[in-house]
Amino acid sequence: MNPLEERARAIQAHGNLPRHVAVIMDGNGRWAERRGQPRIFGHRAGMKSVRAVIEAAGDLGIEALTLYAFSKENWKRPPAEVDALMGLLRRYMKSEREELIERGARIEAIGDLDQLGGAARAELDRLIEATAHCDRLRVTLALSYGGRAEIVEAARRIARAAVAGNLDPQSLDEPAFARFLYSPDLPDPDLLVRTSGEMRISNFLLWQIAYAELYVTETLWPDFGREAFFEAIEDYQSRERRFGRVMA
Ligand code: FPP
């Protein structure tokens, strides 16, 4: 057994695996700039990390992975970068389809998906449909995603249900509210990983990360692979989660 396999075994033997890991994949631009390359070079390299992390999460037996691939704010980047990112996403969703099916990865998406261009949306729908039967790992791509927008959209859905007479405002509590979010059947993330050292949430899963453990690494996303993912999980396993309580 090689050292990384041994490490995977030890993580599994520990038992306290996060069910759901959410990742802010940051630092592609800096990675490229340090190499004197255009930013898109970093995004392209970042796709390899996406593959490595999906493989590692599946191998460990983690149930769900949510990846922040494109935020609502990212539309404000220069059009050339936005186009290149959409192109990369499209290519990724097509070229990785068979591999994802083999790995048992079921792809889902959250965000303002109507904002995606027709071609990217069509490729996404195809991938979601092709992997709908996969049951090893749920991979949610956050695309044109904003946490506040998600909460506002939930409020809108709730208001509509109330106006239609299908919801009594008095019955609305936290679990009932959460059922109106984009992915009501996903457990909240236990662990939020952010690469490239920034200490920010950047409007990601604002409702769902209320009790998530945070892990920030200086490693830039294109350098984040299987080993770095294991490190994040090991760090999580050393934490004591109290959810606001006092442990006996
Ligand atoms: C942040 O780096 C990263 C993004 C805005 C895009 C993430 C996209 C990928 C990893 C590629 C494809 C994704 C999938 C799911 C196939 P940045 O550009 O903000 O880097 P910087 O902070 O160094 O400028």
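The values are calculated or read from the model by the stated rules, or taken from the named source; none is laboratory data. The shown structure was predicted, so the numbers you read here are calculated from the model rather than taken from an experiment. Reconstructed Cβ throughout: ideal geometry from the backbone, glycine too, with neighbour counts over all protein chains shown.
Does the stretch 193-248 hold any residues that are within 23 Å of Ile54 (Cβ to Cβ), in a loop (DSSP other than H, G, I, E, B) and among the aliphatic types (A, V, I, L, M), and which are they?
Ile201, Leu205, Ile209, Ala212, Leu220
If we keep just the residues of the stretch 215-248 that are surrounded by fewer than 13 Cβ atoms within 10 Å (Cβ to Cβ) and hydrophobic (A, V, I, L, M, F, W, C), which is farthest from Asn74 (Cα to Cα)?
Ala248
Only residues in the stretch 22-48 that are more than 21 Å from Met199 (Cα to Cα) count as the first member; pair them with residues that are of a type in the set (Asp, Glu) and more than 6 Å from the ligand (Cβ to nearest atom), Cβ under 7 angstrom, at least 6 apart or cross-chain, and list the lot.
Correct list of pairs: Arg39/Glu81; Ile40/Glu81.
Taking the stretch 54-77, which residues are closer than 21 Å to Val152 by Cα, of a type outside the set (Val, Ile, Thr) and either at pLDDT below 95 or more than 9 Å from the ligand (Cβ to nearest atom) (or both)?
Lys72, Glu73, Trp75, Lys76
When both residues are 6+ apart or on different chains and their Cβ atoms are under 7 Å apart, which pairs have a first residue that lies in the stretch 143-157 and is without any contact (Cβ under 8 Å) to a residue 60 or more places away in the chain and under 27 Å from Glu123 (Cβ atoms), and a second that is among the β-branched types (Val, Ile, Thr) and in a loop (DSSP other than H, G, I, E, B)?
none
Which residues, taken from the stretch 223-248, are of a type in the set (A, V, I, L, M) and under 18 Å from Pro189 (Cβ atoms)?
Here is the first cut: in the stretch 223-248, the residues of a type in the set (A, V, I, L, M) are 228, 232-233, 246-248.
Across the stretch 223-248, the qualifying residues are Ala228, Ala232, Ile233.
Within the set of pairs 6 or more residues apart or between chains, which connect a residue that is in contact (Cβ under 8 Å) with a residue 60 or more places away in the chain inside the stretch 226-242 to a residue that is of a type in the set (S, T, N, Q) and not in a helix (DSSP H, G or I) with Cβ atoms less than 9 Å apart?
Cβ pairs passing all conditions: Ala232/Thr217; Tyr236/Asn16; Gln237/Asn16.
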